[in-house]
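No value in this document is a laboratory result; all are computed from the given coordinates. Only a predicted model underlies this, so the values are computations on that prediction, with no experimental measurement involved.
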Amino acid sequence: MTSPNGDIDIILGSNVETGMFYSKAAFSRAGITSPPATWADFMTDLGKLKSVGITPFLFTTGAPCNPSWFERLATSSLLAGQVGQFNVNHSQVTNGLDVAVGVKKGIIGMHNPQYAEAWKLLGQLASYSASGQSTYDACSDPNATSPPLSPQSMLIHGKIGILWGGSWWIPQLNSAGFSGKYGVFPEPPITTATSPLALGTSTVGVIGGPNGNGEWSITSQRADNTMTPAKTGAVMNFMAWLFTPQHLGYWIKISGSGAYIPTESAAPTVSLPGLSNLVPKGKVPAVIDVVLDDVLSTAATNSGMRLIQEYVGGSLPYSSFASQWQSLLTNSAQAWATQNHVDLSKY
């Protein structure tokens with residue numbers, strides 16, 4: 001991880017990624033022979049699952065995981081051509097200032113067709129999602145006994161065809177006796193086959209990292225005057241040793257049990273068809289994080305989650321959702337600016 005000025009802040013030993021976990025039995029029953037390559041293919045496959053009596057999907061809204069993942073996926077894809085107009089910090093992931101500027105300029109707003117399209121896509125996804133979403137969360141412990149519950153058992157027991165989860169699910173599903181009965185594919189890109197507004201942005205890597213087992217921060221001499229060049233060199237030499245594939249792979253394997261993906265591609269990792277596809281092959285686009293991940297405020301996240309639950313649950317039509325979502329954006333951005341003494345008119 002580097003800061004905008006090029007300084008190395010954190011060196012990662014591994015990362016986590018998210019993807020769509022599917023039941024091989026469900027795919028076989030629906031006649032689906034390969035994972036979808038685009039968002040349009042994904043919608044088609046959800047329809048195939050539904051046509052044979054399988055509940056296609058569960059969009060869990062009991063906590064921010066699926067909702068915030070979708071927000072990052074869709075907005076990072078559809079606003080990729082406009083992000084430079086509000087990413088004033090030039091950082092990999094937008095922060096409160098970036099978002100407030102984007103809202104002020106109307107780029108992050110329901111009157112911008114590119115931004116609004118993200119939420120129209122969510123509406124399409126909702127038509128294939130099971131009921132009871134608010135009692136589940138994709139990041140819950142599989143052993144949780146009170147809501148929000150983990151949805152993994154729904155996949156294991158054949159009640160759902162596809163779930164959106166993380167790479168940490170792999171050891172959990174395997175330990176539950178589901179090894180070999182599931183597959184995983186990355187969140188499909190939104191292309192013009194789905195929307196004329198699509199840019200075809202690859203969003204692999206937008207959601208998962210930087211998280212993982214082994215995050216090493218290198219202290220600079222400016223931060224700690226005892227960090228002499230000799231000490232820095234010793235630390236970097238240790239990092240170079242630790243991050244070689246044969247050492248890193250073994251360390252991640254015994255400590256993560258398949259939950260983490262080594263940052264070195266040559267390092268050994270858990271063997272699961274499709275897992276390598278969750279890892280970005282090149283530079284990840286700027287990650288646009290807006291409401292659902294405490295970027296503006298926890299209050300904004302809570303209000304956003306309530307709207308998402310009502311929208312995905314079918315009790316809030318798109319027109320009402322769009323109006324209330326816009327009010328949430330406007331009010332939360334202004335509240336952030338006021339609290340942080342920022343004059344947004346400067347941008």
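Side notes on the structure shown:
- For the pair SER345 and THR330 in one chain, pulling the backbone fully straight at 0.36 nm per residue adds 4.0 nm over the alpha carbon distance.
- For VAL287, the amide hydrogen comes within under 5 Å of the amide hydrogens of VAL93, THR94, counting only partners 5 or more places away or on other chains and with H modelled in the peptide plane.
- The string of couplings for the stretch 296-301 from the Karplus curve (6.51, -1.76, 1.60, θ = phi - 60°) is 8, 5, 5, 4, 5, 4 Hz, one whole number per residue in order, with x for Gly and Pro.
- Values of log10 I(q)/I(0), in the order q = 0.12, 0.15 Å⁻¹, for the chain under a Debye, Cα-only, solvent-free model: -0.93, -1.35
- Long pairs among LYS48/LYS105; LYS281/LYS346; LYS120/LYS281; LYS50/LYS104; LYS231/LYS253, criterion Cα-Cα beyond 32 Å: LYS48/LYS105; LYS281/LYS346; LYS50/LYS104
- Column: log10 I(q)/I(0), Debye, Cα scatterers of the stretch 212-278, q = 0.25 Å⁻¹: -1.03
- Between amide H atoms placed 1.01 Å from N, distances below 5 Å from LEU149 occur with TYR136, ASP137, all of them 5 or more places distant or on a separate chain.
- Distance between the stretch 110-179 and the stretch 233-310 - C-alpha centres, whole angstrom: 19 Å
- In sequence order, calculated HN-Hα J values of the stretch 133-141 (Karplus, 6.51, -1.76, 1.60; Hz; x Gly/Pro): 4, 5, 9, 10, 9, 5, 9, 6, 5
- Residues in the stretch 324-330 carry Karplus couplings, in order, of 5, 5, 5, 4, 4, 4, 4 Hz; the curve used is 6.51 cos²θ - 1.76 cosθ + 1.60 with θ = phi - 60°, and Gly or Pro positions show x.
- The stretch 212-278, relative contact order in percent, only Cα pairs under 8 angstrom and at least six apart counted: 27 percent
- Kirkwood-based shape ratio for the stretch 272-347, expressed as Rg/Rh from alpha carbons: 1.13
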